[in-house]
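The values are calculated or read from the model by the stated rules, or taken from the named source; none is laboratory data. This one's a predicted model, so the numbers in the text were calculated from it and none came from an experiment. Methodologically, a virtual Cβ is constructed for each residue, glycine included, from the backbone with ideal geometry; neighbour enumeration extends over all protein chains shown. To get the accessible areas, we keep the full protein, side chains included, count just its heavy atoms, and leave off ligands, DNA and RNA. Shrake-Rupley method; radii C 1.70, N 1.55, O 1.52, S 1.80 Å.
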Amino acid sequence: EAKKLLAAIDDKAPLKYKLFFNLLAYCGMRRGEALGLEYKDINFETSVLSIRRTSNYHQGYGVYTDTPKTDSSYRSLYIQPKILTLIKLLKSEQKQQAIACGDQWVNTDRLFIKWNGEPLHPSAPYKWLKRFCEHENLPFKALHSFRHFVASQALASGVDAKSVSSMLGHSQTSTTLNI
């Protein structure tokens, strides 16, 4: 199901959601970690992405930036060439978007933004995926299921549990294995 959903996303989704869901599915990131990514977190020469912050929402504060969940959630991940290409395309698309917005543009350096450069609301990917799945007649799964997908795929491919745990930012290997 996950592979079928990802294939449909790769085929039909806007660039930002194509990148977002590929990051979740192949890097094992949490929603807030992906939404907190900034271009300065990516080393384009070494294909390494660093998780340094999260983007969250609180009814009283709105969208805000916070630290990752645990100390082990601060991590660096190798990103596949396909994902690196999507990031470069998104950056180029957003430069054009900034020009079109003119003085309404808010420069945040975030990868996942609204039309004017402000950080994307954390519920936006969930709502988009739900509508997409309904439109494509695909079963809807919560965003967190992408983390389970990447962990299952890695373990099934022979990656040791400690490495998978590290990739997911779990502080204990037992957390990865219990899930």
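Seen from all directions on average, segment 1-140 presents a Cα convex hull projection of 9.2 nm². Extending 7 Å from the Cα toward the beta-carbon at both THR46 and SER157 defines two label points whose distance is 2.1 nm. Looking at segment 1-48, the pairs of alpha carbons with a distance over 18 Å make up 34% of the total. Given the pairs LYS4/LYS114; LYS12/LYS95; LYS40/LYS141; LYS3/LYS82, which are separated by over 19 angstrom at their Cα positions? Beyond 19 Å: LYS4/LYS114; LYS12/LYS95; LYS40/LYS141. Contact order for the chain, expressed relative to its length and based on alpha carbon pairs under 8 Å spaced 6+ residues apart, stands at 26 percent. Straightening the chain between HIS121 and GLN104 buys 4.3 nm, computed as 0.36 nm per residue apart minus the Cα-Cα spacing. Across segment 36-81, the convex hull enclosing all Cα atoms gives 80 Å³ per residue. Compared with the direct C-alpha span, the chain from GLN80 to ALA7 gains 24.7 nm at full extension, assuming 0.36 nm per residue. Computed about its Cα centre, the charge dipole of the chain is approximately 200 debye, with only Lys, Arg, Asp and Glu carrying charge at their Cβ.
In the assembled protein chains, CYS101 presents an accessible area of approximately 20 Å² (probe radius 1.4 Å).
Relative to the dominant Cα principal axis of the chain, helix 2-12 is inclined by about 20°.
Counting only protein chain heavy atoms and rolling a 1.4 Å probe, the accessible areas of GLU1, GLU93 rank, largest first, as GLU1, GLU93. The stretch between TYR64 and GLU134 holds 22.2 nm of extra length on full extension. This uses 0.36 nm per residue minus the Cα-Cα distance. Mean-square fluctuation check for the chain, GNM, Cα pairs under 10 Å: which of SER55, SER76, SER123 is largest? Of SER55, SER76, SER123, the most mobile in the Gaussian network model is SER123.
Pair-distance distribution P(r) for segment 65-136, from all Cα-Cα distances in 5 Å bins starting at 0: 3, 12, 15, 16, 23, 19, 8, 2 percent.
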